[in-house]
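The values are calculated or read from the model by the stated rules, or taken from the named source; none is laboratory data. These figures come from a predicted structure and were not determined experimentally. All Cβ positions, glycine included, derive from the backbone under ideal geometry; neighbour counts span all protein chains shown. We work out accessible area using only protein heavy atoms, side chains counted, and drop any ligands, DNA or RNA first. Shrake-Rupley method; radii C 1.70, N 1.55, O 1.52, S 1.80 Å.
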Amino acid sequence: MTQYTEDDLRAVFAENSVREDGPAPLVREIRRRGTRTRLRRRVAAGAAVAAAAAAVVSLAGAPWPGGNHGEPATGVTAHFLKGVELPQTVESMYGPVSLISGQSYQSVGERVRVTFRPTSVHTGIAIRCANPKSWVLIRDVKGTWHDLTPCARLGQGLEVQFREEGVTPDWLRAPQDLEVWVFPADAPIGSAGLADKCALADRRAGKCDGPWDREAITAMPERLAAETGPQRGLWSVGIYDQEPRPGPGGA
């Protein structure tokens, strides 16, 4: 039996109750009008859903403002802005690796979390900055900080590449996360070996006005970020990997 809502029946009864003459409406007529009312509502609701779906599709297919999808492999999500694009393949110590994901950012001095799903134990990370003197700090999935260095240019290959002994047990079974900091080129970072730099204890006490010690930055990068503040600065990060290894019995 077709179900009608209380509002459907109320609307039809109200319409028929205003008749001044003529026979009382038949139940089948009321049901027929109720069906038409419900049909109109369904058509209107379907149109609204279709419009919303079309809007989502158009947004998903639209190019990122100023972005360039490049020529990544099938299924790769990569959005790079002009001037900091990363290539589809890069040479590494373990042979060529291909882009599996990537993104451009328009500010420096802020923490960025990068999530990816590795395809091998030799995953690599490449970073390119509009200002090659920007400072890059990467903390890997094990919490290990890699050296604070000026941003590598395109021709210098990968910033970091993992080894089989250095990955986590679930490396190929679950998404992995990296923490990336890019600091402005003029950040107060001391040169290695300087005696007049701000050590970790000084920074924790908040009483040093000199350049930052490298150890202090890796211990608390958010304090350096608070000192420099977020600034406009264009940079990209790309995750590269080898083709998945064939499983047992594979070709």
Q.
On the basis of being modelled with pLDDT under 90, open to solvent by less than 20 Å² (accessible area, probe 1.4 Å) and not in a helix (DSSP H, G or I), does Ala126 make the cut?
A. no
(Q) Please go through (1) modelled with pLDDT of 55 or more; (2) open to solvent by 60 Å² or more (accessible area, probe 1.4 Å) for Pro63 and return the number of the only condition it doesn't satisfy. (A) (1)
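Each row is one residue, and each column tells you yes or no for (1) crowded, with 16+ Cβ neighbours inside 10 Å; (2) touching a Cys at 6+ places or on another chain (Cβ under 6 Å).
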site: Lys133; (1), (2): no, no
site: Val136; (1), (2): yes, yes
site: Gln156; (1), (2): no, no
site: Gly190; (1), (2): yes, no
site: Asp202; (1), (2): yes, yes
site: Ile217; (1), (2): yes, no
Q.
Against the definition (farther than 21 Å from Leu99 by Cα, within 30 Å of the chain's Cα centre (by Cα), of a type in the set (A, V, I, L, M, F, W, C) and modelled with pLDDT of 85 or more), how does Ala226 come out, yes or no?
A. yes
Q. Within region 129-182, which residues are touching a residue at least 12 places away in the same chain (Cβ under 8 Å), among the hydroxyl-bearing types (Ser, Thr, Tyr) and either part of a loop (DSSP other than H, G, I, E, B) or in contact with a Leu (Cβ under 7 Å, 6 or more places away or on another chain) (or both)?
A. Ser134, Thr168
Q: With the condition kept exactly as written, say whether any residue in region 68-85 is modelled with pLDDT of 90 or more, among the aliphatic types (A, V, I, L, M) and surrounded by 14 or more Cβ atoms within 10 Å (Cβ to Cβ).
A: yes
